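Heads up: the structure comes next, in structure tokens.
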Amino acid sequence: MYGEERKEKILDYVQSHGRASVQELSEIFQASESTIRRDLKELEDVKLLKRTHGGAISLRSVKFEPTFGEKKVAYLKEKRAIAQKTVELIEEGDTIFIDAGTTTFELVKELKSFSKLTVVTNAFNHVQKLLTYPGIEVLVTGGMLRKETLAMVGPMAEQSLSMIRVDKAFLATNGLDVEEGLTTPNLTEAAIKRRMIKSAKQVILLADHSKVGKVSFAKIADLAEIDQIVMDDAVDESIVAKLETIGVRVHIVHP
């Protein structure tokens, strides 16, 4: 592994887990502890993390939230593969909820061939795309629009969801951790996602490998509340095994 690639992966690991020790990073990246210390110093010099005695901690807050534009281009190949698999879980005549998010937007793009489908969504950009599909009836939650994620949230959105039931909810997340469950940086988005889960017969999560091991500010749900997850093949097999142990059906795609 080249030095720049290793530093990038070290930074991603520290940001995902909040902290890491030199010994831990040395074992994970198969590099000497002196090499890891040098990498950490270089990352600290450009203010990407903070070194501590024996390791490093992330400078990124649990409330950090990338913009929609930043998320849209990240791991795009994986997101498209996840969407192409997820659409196989939808049947003609279904009533479904599609959460705001960049991976779920890729799913919306895959719905154009359906001739009879009802889609409920709280995502402004989803609505714009869905209106071009003649076979899809679109219901919009309403609510306050968050410009950061194009999601409609708040009491109005939650109330509208409380009055309906859907066959399947397709959910997005910022963080997926075996112990901490699903998390997101914003409390109002966490609340609307919890309401989605309550309104659905089945809950299906779409998450690329970059979400695994990350913990954000606001708790959405425990993983046991999710029925199925569609993920890409870069996810560690031990994580998949733990998910299956708690009763979650995992679909792995190969981008």
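Just so you know, all these numbers are worked out from the coordinates, no wet-lab data involved. Nothing here was measured: the structure is a model prediction, and the numbers come from that model. No Cβ is skipped: glycine too gets one built from the backbone with ideal geometry, and neighbour counts run over all protein chains shown.
For GluC sites (Glu not before Pro), the sites in the range 109-158 that DSSP calls loop and that have at most 16 other Cβ atoms within 10 Å are Glu110, Glu148. The value of relative contact order for the chain, using C-alpha pairs under 8 Å at least six residues apart, is 16 percent. Mind jotting down the distance between the C-alpha centroids of the range 152-186 and the range 1-42, whole Å? A separation of 34 Å, based on Cα centres. For trypsin sites (Lys or Arg not before Pro), the sites in the range 82-150 that DSSP calls loop and that have at most 16 other Cβ atoms within 10 Å are Lys112, Lys116, Lys147. Of interest is the spacing of the C-alpha centroids, which for the range 79-145 and the range 213-228 amounts to 22 Å.
When the P(r) is computed for the chain, the part past 27 Å accounts for 39% of the Cα-Cα pairs.
With a Förster radius of 25 Å, plug the Cβ-Cβ distance of Lys77 and Glu148 into 1/(1 + (r/R0)^6) and report the FRET value to the nearest 0.05. Given R0 = 25 Å and the Cβ-Cβ separation, E is 0.55. In plain terms, the chain is cut at each of the chymotrypsin sites (Phe, Trp or Tyr not before Pro) found in a DSSP loop with at most 13 other Cβ atoms within 10 Å, and the longest leftover piece is 65-255. Sparse packing (at most 13 other Cβ atoms within 10 Å of the Cβ) combined with a DSSP loop state is found for the following GluC sites (Glu not before Pro) in the range 179-255: Glu179.
Approximating the spin labels as points 7 Å out from Cα along Cα→Cβ, the Thr245-to-Glu27 distance works out to 1.7 nm. For the pairs Lys9/Lys242; Lys198/Lys242; Lys116/Lys193; Lys79/Lys201; Lys9/Lys41; Lys79/Lys129, flag any whose C-alpha to C-alpha distance is greater than 19 Å. Long pairs (Cα-Cα over 19 Å): Lys9/Lys242; Lys198/Lys242; Lys116/Lys193; Lys79/Lys201.
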